[in-house]
Amino acid sequence: MSDTRVALVTGSGQGIGRGIALKLASDGFDIAVADLPFQEEKAAGVVKEIEALGRKAFFTPVDVSDKTQIEAAVAATVDTLGGFDVIVNNAGIAQIKPFLDITEEDLDKIFKINVNSVVFGTQAAAKSFIERGVKGRIISAASIASIKGFPILGAYSASKFAVRGFTQVAAQELAPKGITVNAYAPGIVGTGMWDLIDKELSKINGKPVGQNLKENVDSIALGRIETPDDVAGVVSFFASENADYVTGQVLLVDGGMLYN
Ligand SMILES: NC(=O)C1=CN([C@@H]2O[C@H](COP(=O)(O)OP(=O)(O)OC[C@H]3O[C@@H](n4cnc5c(N)ncnc54)[C@H](O)[C@@H]3O)[C@@H](O)[C@H]2O)C=CC1
Ligand SMILES: CC(=O)C(C)=O
């Protein structure tokens, strides 16, 4: 890794991405906070929190489903922060629908945001690492739904299975360059994404709002909902020297829901 350690975290205006950005900043990284343009105000808040930790940060607006925009975000990171060592392909969306109702538009949208983004982010980061001789780290958002398919999350589960498969491939192709590729697989994290899943499940199964979330949290062995900090600890590990010999892995961080 270069002397200046720099990470680009997508979807870091809120939720898990924000938690990862703050954790990596506390580990000593300068951070490119990447998110959709409409998240500018929230992202500016994250930038301030990072600066308060004594690190540099800036907001780079990006739609991760667009290859050109990801490449531009990587270039802006190198230009603005003077290096680039880690990409966290975190941004993603959920869709809550019985699979019989999934449309072509649904599939195109979720695969562009959850899968194309990981492929393009990995390509852009790897090209930059190779060009600059950096043994960088590529870390992507999978899910418990990348290991087991979840009913009513059909398109989402398929997209996260794709992230897991691609992580294994990219790890093998990039290993000769000393670049590692891994993914984190959270369970039930208390963010805007689960607010949406709970609300939409209620409409489908008639349970009161909050009930679907409660039932899922009740199934967690460690007995509490997951926080962005829980996820950030695993990303911090993947980005650290402690993970020098780890590649192609999808690490469950779910409090005890699935077991491998
Ligand atoms: N919340 C949960 O329980 C779990 C979440 N995950 C994954 O973790 C990642 C983060 O999820 P959360 O923080 O919970 O979601 P969230 O909905 O709270 O935040 C997602 C962030 O990604 C950004 N984003 C969405 N589409 C984008 C695009 N096209 N370009 C750039 N940014 C975009 C949003 O603006 C937002 O800031 C996702 O990939 C999700 O699938 C995985 C397992 C569980
Ligand atoms: C399973 C999963 O990824 C969520 C968002 O719950």
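The values are calculated or read from the model by the stated rules, or taken from the named source; none is laboratory data. Treat the numbers as computed from the prediction; the structure is a model and nothing was measured. Here Cβ is always computed from backbone atoms with ideal geometry, including for glycine, and neighbour counts include all displayed protein chains.
A compact table of results
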| item | result |
| --- | --- |
| Residues (touching a Phe, Trp or Tyr at 6+ places or on another chain (Cβ under 7 Å) and either closer than 14 Å to VAL64 by Cβ or not β-branched (Val, Ile, Thr) (or both)) located in the range 20-54 | ALA32, VAL33, GLU40, ALA43, ALA44 |
| Which listed residue is surrounded by fewer than 16 Cβ atoms within 10 Å (Cβ to Cβ) and away from ligand 2 (no atom under 15 Å from the Cβ), from GLY82, GLY136 | GLY82 |
| VAL74 more than 18 Å from SER236 (Cβ to Cβ) and in contact (Cβ under 8 Å) with a residue 60 or more places away in the chain | yes |
| Selection status of VAL88, outside any helix (DSSP H, G or I) and either away from ligand 1 (no atom under 14 Å from the Cβ) or within 17 Å of ALA185 (Cα to Cα) (or both) | yes |
| Lone qualifier among LYS135, LYS127, LYS112, LYS160 - being of a type in the set (D, E, K, R) and assigned to a loop (DSSP other than H, G, I, E, B) | LYS135 |
| Selection from the range 166-201 of residues that are away from ligand 2 (no atom under 16 Å from the Cβ) and either crowded, with 23+ Cβ neighbours inside 10 Å or part of a strand (DSSP E or B) (or both) | ALA170, THR180, VAL181, ASN182 |
| Criterion (surrounded by 18 or more Cβ atoms within 10 Å (Cβ to Cβ), modelled with pLDDT of 95 or more, part of a helix (DSSP H, G or I) and not aliphatic (A, V, I, L, M)) met by exactly one of THR60, THR77, THR68 | THR77 |
| Evaluation of LYS207 against (1) in contact (Cβ under 8 Å) with a residue 24 or more places away in the chain; (2) over 27 Å from ILE70 (Cα atoms); (3) in a loop (DSSP other than H, G, I, E, B) (one fails), failing number | (1) |
| For GLY233: the one exception among (1) out of contact with any strand residue (DSSP E or B) (no Cβ under 7 Å at 6 or more places or on another chain); (2) part of a loop (DSSP other than H, G, I, E, B); (3) farther than 30 Å from GLU104 by Cα | (2) |
| Residue within the range 141-152 that is over 20 Å from ILE113 (Cβ atoms), touching a Pro at 6+ places or on another chain (Cβ under 8 Å) and within 14 Å of ligand 1 (Cβ to nearest atom) present | no |
| Filter result (under 12 Å from ALA185 (Cα atoms) and assigned to a loop (DSSP other than H, G, I, E, B)) within the range 236-258 | GLN249, ASP254, GLY255, GLY256, MET257, LEU258 |
| Residues located in the range 12-35, provided they are closer than 20 Å to ASP79 by Cα and either of a type outside the set (A, V, I, L, M) or not in a strand (DSSP E or B) (or both) | SER12, ALA21, LEU24, ALA25, GLY28, PHE29, ASP30, ASP35 |
| TYR245, sole failed condition from (1) buried (at least 20 other Cβ atoms within 10 Å of the Cβ); (2) farther than 20 Å from ILE16 by Cβ; (3) aromatic (Phe, Trp, Tyr) | (1) |
| Every residue from the range 1-47 that is among the polar types (S, T, N, Q) and either in contact with a His (Cβ under 8 Å, 6 or more places away or on another chain) or at pLDDT below 95 (or both) | SER2, THR4 |
| For ILE220: the one exception among (1) assigned to a helix (DSSP H, G or I); (2) within 14 Å of ligand 1 (Cβ to nearest atom); (3) more than 30 Å from GLU131 (Cα to Cα) | (1) |
